[in-house]
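Read the figures in this text as sums done on the coordinates, not as results from a lab. Worth saying up front: this structure is predicted, and the values here are computed from it rather than measured. In this analysis, Cβ positions are derived from the backbone assuming ideal geometry, glycine residues included, and neighbour counts consider all displayed protein chains.
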Amino acid sequence: MKTICFVLIFFLSCTLLKAQGVKPYIAIVKTEKAKCKGILQRVDSVKVVLNHDGTLIPVLLNEIETVQIRAVKKDFKGINLIKVGDEDPDQYHTDERGKSVDKFGHEAPDLKDYAAITFYSVIFTAVGNAFALPIHAINPNVARFKFNNEGAKPINELSYYSIYYQANPNVLAELQQLKSISSSFKP
């Protein structure tokens with residue numbers, strides 16, 4: 001019985017460890033003077049910290065005009081339509097006429113047919129990748145924040161996308177916010 005409980009606790013703890021992952025987001029911060037792009041590291045009451053190729057870039061909140069948040073995309077992996085050399089050697093057998101045929105009676109392709117198959121598969125692979133690459137390059141905004149000097153700054157909403165907040169969430173503040181929202185609802 002102890003062994004079963006130990007195994008269940010072990011698997012439950014492994015599941016809980018995998019439950020919350022940190023997802024990096026690209027932040028494009030536009031200020032009056034420049035435009036900075038990098039992984040959103042941290043947001044505090046004074047500055048936003050971006051990670052651009054291992055260099056931390058602090059940007060003061062009072063200088064920020066807009067922030068665009070985008071998801072990090074995986075690298076493009078092209079499609080492969082080349083069908084050369086992937087045939088089963090036992091696919092063809094010799095019939096009574098001495099010709100190589102498959103199980104349906106179709107003749108095996110000769111050298112000219114293999115060359116045509118190779119040529120057209122390379123052409124179609126290049127055309128398919130030429131169409132797929134621009135589609136993959138589209139990376140829409142997940143969120144967009146405008147900062148102005150008069151109104152409230154969306155610091156809390158922006159911090160949800162930072163790596164620091166995802167690794168160390170402020171659970172008590174979130175529970176207080178949920179409690180205040182739920183108390184305003186009257187069924």
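The figures follow:
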{"item": "Cα gyration tensor of the stretch 34-163 - equivalent ellipsoid semi-axes, whole Å, descending", "result": "60, 13, 12"}
{"item": "19 Å Cα-Cα reach of Lys33 towards aspartates and glutamates, excluding residues that sit fewer than 8 places from it in its own chain", "result": "Glu63, Glu65"}
{"item": "Space enclosed by the convex hull of the alpha-carbon atoms of the stretch 89-136, per residue, Å³", "result": "102"}
{"item": "Mean Cβ neighbour count within 10 Å, used as a protection proxy, ranking 118-127, 172-181 highest first", "result": "118-127, 172-181"}
